[in-house]
Amino acid sequence: QLILMTAYGFIYFLRLNLMSLWLLKRELAVEELTLVILIWIPAILSSFVFSLNETNSKLVLVLSLAIYLFGSFLNTYSELERKWWKSKPENQGRCYMDGLFSWSRNINYFGDTLLFAGWALATASWINAWVPVVMGSSFIWFHIPDKETYLAKRYRADWTTYTQNTPYAFAP
């Protein structure tokens, strides 16, 4: 269990660095630097470490691994698909509406929530349910509305079609 938890952390931080340095090249917002990196992630990791309960249930650990890997896949592969599509000159200035983003307009956020749900499950402590609940709620009530307001303006020509074809903002 501890090895699995450590592997989750290693994979998450490796993926986070690869995504921020190569896949999503952009400056980090002040919110990301302060709230996420200095408060949010340390709070999650502390909760996971200090409330870790030993479990001998292989089923729980296998389920946690499946949820973690599926969430990580949704987040990472959706961004990779979008990067490949955006790299084509004919797609510049257009809204990406295909691949995993055709399942949900914010499939990457849903994937992150699943990833952390799997990680929390591996702790075998119900107290860590706060992590995916707070994360999913913050996406649904704060990040997604702000992001979609911005995207509706930026991709005015594509946005109505996208929201009609992909009615789910978070979970497919």
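The values are calculated or read from the model by the stated rules, or taken from the named source; none is laboratory data. Note that the coordinates shown come from a computational prediction; the quantities given were computed from them, not determined experimentally. Using ideal geometry, Cβ is built from the backbone for each residue, glycine included, and neighbour counts are taken over all protein chains shown. Each accessible area value is taken on the protein alone, full model and side chains, heavy atoms only, with ligands, DNA and RNA left out. Shrake-Rupley method; radii C 1.70, N 1.55, O 1.52, S 1.80 Å.
Summary table
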{"read-out": "Total residues in the range 94-111, condition open to solvent by less than 30 Å² (accessible area, probe 1.4 Å), of a type outside the set (Val, Ile, Thr) and under 12 Å from the mean Cα position of the chain (by Cα)", "value": "3"}
{"read-out": "Filtered residues of the range 58-93 (kept if open to solvent by 80 Å² or more (accessible area, probe 1.4 Å), basic (Lys, Arg) and modelled with pLDDT under 95)", "value": "LYS58"}
{"read-out": "Members of the range 40-57 that are part of a loop (DSSP other than H, G, I, E, B), open to solvent by less than 90 Å² (accessible area, probe 1.4 Å) and either over 11 Å from LEU121 (Cβ atoms) or not small (Gly, Ala, Ser) (or both)", "value": "SER51, LEU52, ASN53, THR55"}
{"read-out": "Filter result (open to solvent by 30 Å² or more (accessible area, probe 1.4 Å), over 25 Å from ALA169 (Cα atoms) and in contact (Cβ under 8 Å) with a residue 24 or more places away in the chain) within the range 122-141", "value": "ALA124, ILE127"}
{"read-out": "Residue under evaluation TYR150, criteria (1) assigned to a helix (DSSP H, G or I); (2) surrounded by 13 or more Cβ atoms within 10 Å (Cβ to Cβ); (3) over 13 Å from the mean Cα position of the chain (by Cα), criterion not met", "value": "(2)"}
